[in-house]
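Written below as structure tokens is the structure these notes are about.
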Amino acid sequence: MLDKNGIAKRIAQEVKDGYYVNLGIGIPTLVANFVRDDISVEFQSENGVLGMGPFPFEGDEDADVINAGKQTITTLPGASFFDSATSFSMIRGQHVDLTILGAMEVAENGDIANWKIPGKMVKGMGGAMDLVASAEHIIVAMMHTNRSGQSKLLKKCSLPLTGVQCVKKIVTNLAVLEVGPKGFVLLERAPGVSVEEIKDATEGNLIVNGEIPEMRID
Amino acid sequence: MIKKTVSSVEEALKGVQNGMTFMLGGFGLCGIPEKAIAELVRLGISDITCISNNAGVDDFGLGLLLQKRQIKKMISSYVGENDEFERQMLSGELEVELTPQGTLAEKCRAAQSGFPAFYTPAGYGTEVAEGKETREFNGKMYVLEEAFKADFAFVKAWKGDEAGNLIFKGTARNFNPCMCGAAKITVAEVEELVPAGALDPNQIHVPGIFVQRIFQGNNYEKRIEQRTVRKRN
């Protein structure tokens, strides 16, 4: 079974040379730490920066340079700043190649819910609805089950949707899955996790074709 | 040169009234019009509709207006990190219209640019699209979103000149340029106000035509919401 860093490590393998990537808050933010350093990748943050670097050294933080999680950041050579409308032109116009974000629920048809629990939590969708409606490649990073042990990979989302039929790939603490025409296609197992365990933790239709390899994480 | 300078924040906010709709720039606490917010608090303007990506924190930014119950309605994309906001929303005292962030930015830009509405894929099939016109283009579904209408836009820039030209710094730019010229009156507050001619016309982010009033604010607090650093080796 993977921890959060393990999930981020596995997702980092999906980041290709030349990609512009938008990282959501939480596990997705960790992905930046594990991208191979022999490829060229630029990270976009929807509040208006492309070419995000690591967090600043203590004392170097600048209140005017933050990411979408409101954390202080630095920029790398070649970086640029821009306004919010331009930022979402990059996203809506599909200039950003890959979006990695968290989710509360994903359905077997690719629907995603991650912004609201009626009556309990309403923080808002931020840029998530724009991101999932437009990105060509969307990877969801999340735990396979919620805190009470219920599956987050469902036949149908129970929470208000963020986007419809948009998720293509999901990396959880248990597995890598793809959304196919008939449900979740199991691609890889996390180290030490059996297909049975993944089946038990998946409420939506799980498609298992032949032998399922174990993930390779260095 | 058409001069846009006003001498004080009091003069800059002349004409604000109860019940008006205001646009306020900023992302989190980054690039917010601190001086305009303080003046709205001082004036006690109430029943405000605020168009702003976020709602500040409990004791800073728009949180200051929330504390005094001056806001009737918030139009935002993300409103976490504010307990008073959550309390007012769940009790029904505060009306909240959550809008996808890119749509929020574009509703500003549409107002600025003279477009009454536009189609966006964001929110299609979700509760955000309920009651809105949808249409298919090239096999994909889109939602019709209308431009904002606002009385005042309050924006914050790094540098500005007497002609109202603005330059922003870092990610403090965010929604500010999109809101300039998107309301009946745009008020820009800047950290440094310089004479016309002192800024390079090649480097202007927002031309002065979109700004009606400009003033220099002093002692910006620029509070950091999530100070995140790494250790020096």
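Residues are listed down the side, and each one gets a yes or a no for (1) within 7 Å of chain B (Cβ to nearest Cβ); (2) among the aromatic types (Phe, Trp, Tyr); (3) within 20 Å of residue B:157 (Cβ to Cβ):
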position	(1), (2), (3)
A:71	yes, no, no
A:75	no, no, yes
A:83	yes, no, yes
A:88	yes, yes, no
A:104	no, no, no
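Residues are listed down the side, and each one gets a yes or a no for (1) among the hydroxyl-bearing types (Ser, Thr, Tyr); (2) more than 13 Å from every other protein chain (Cβ to nearest Cβ); (3) crowded, with 16+ Cβ neighbours inside 10 Å; (4) farther than 15 Å from residue B:217 by Cβ:
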position: B:17; (1), (2), (3), (4): no, yes, no, yes
position: B:28; (1), (2), (3), (4): no, no, yes, yes
position: B:35; (1), (2), (3), (4): no, yes, yes, no
position: B:44; (1), (2), (3), (4): no, yes, no, yes
position: B:79; (1), (2), (3), (4): no, no, yes, yes
position: B:92; (1), (2), (3), (4): no, no, no, yes
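Of all the residues in the range A:80-122, those that are farther than 18 Å from residue A:23 by Cβ, surrounded by fewer than 21 Cβ atoms within 10 Å (Cβ to Cβ) and of a type in the set (D, E, K, R) number 2.
Conditions (1) at negative phi; (2) away from chain A (no Cβ under 14 Å); (3) touching a residue at least 40 places away in the same chain (Cβ under 8 Å), marked per residue:
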{"position": "B:7", "(1), (2), (3)": "yes, yes, yes"}
{"position": "B:14", "(1), (2), (3)": "yes, yes, no"}
{"position": "B:24", "(1), (2), (3)": "yes, no, yes"}
{"position": "B:53", "(1), (2), (3)": "yes, no, yes"}
{"position": "B:70", "(1), (2), (3)": "yes, yes, no"}
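Of B:106, B:86, all but one fail to be in contact (Cβ under 8 Å) with a residue 24 or more places away in the chain and of a type in the set (Asp, Glu); the exception is B:106. Strands (runs of 3 or more DSSP E) fully within the range B:132-233 that include at least 3 residues being open to solvent by less than 50 Å² (accessible area, probe 1.4 Å): B:140-146, B:152-161, B:185-194, B:213-216. Select, from A:117, A:100, A:138, the only residue that is in contact (Cβ under 8 Å) with a residue 12 or more places away in the chain, over 27 Å from residue B:177 (Cβ atoms) and away from chain B (no Cβ under 14 Å). Just a single option satisfies the conditions, and that option is A:100. Does residue B:96 qualify as being within 10 Å of chain A (Cβ to nearest Cβ) and open to solvent by less than 30 Å² (accessible area, probe 1.4 Å)? No. I'd like the full set of residues that are assigned to a loop (DSSP other than H, G, I, E, B) and acidic (Asp, Glu), limited to the range A:89-133. Hits for the range A:89-133 are A:97, A:108, A:111. Among the residues examined, residue A:43 does not qualify as buried (at least 19 other Cβ atoms within 10 Å of the Cβ) and at the interface with another protein chain (Cβ under 10 Å from one of its Cβ atoms).
Can you tell me how many residues within the range A:46-62 are farther than 21 Å from residue B:79 by Cβ, open to solvent by less than 50 Å² (accessible area, probe 1.4 Å), assigned to a loop (DSSP other than H, G, I, E, B) and at the interface with chain B (Cβ under 8 Å from one of its Cβ atoms)? Give the derivation first.
Filtering the range A:46-62 down to residues farther than 21 Å from residue B:79 by Cβ leaves A:49-62.
Still in the running and open to solvent by less than 50 Å² (accessible area, probe 1.4 Å): A:49-53, A:56, A:61-62.
Now restrict to residues that are assigned to a loop (DSSP other than H, G, I, E, B): A:53, A:56, A:61-62.
From what is left, the residues that are at the interface with chain B (Cβ under 8 Å from one of its Cβ atoms) are A:56, A:61-62.
Looking only at that region, the number is 3.
The values are calculated or read from the model by the stated rules, or taken from the named source; none is laboratory data. Worth saying up front: this structure is predicted, and the values here are computed from it rather than measured. Note that we place each Cβ from the backbone using ideal geometry, even for glycine, and neighbour counts take in every protein chain shown. Remember, those area values only see protein heavy atoms, side chains included, never the ligands or the DNA or RNA. Shrake-Rupley method; radii C 1.70, N 1.55, O 1.52, S 1.80 Å.
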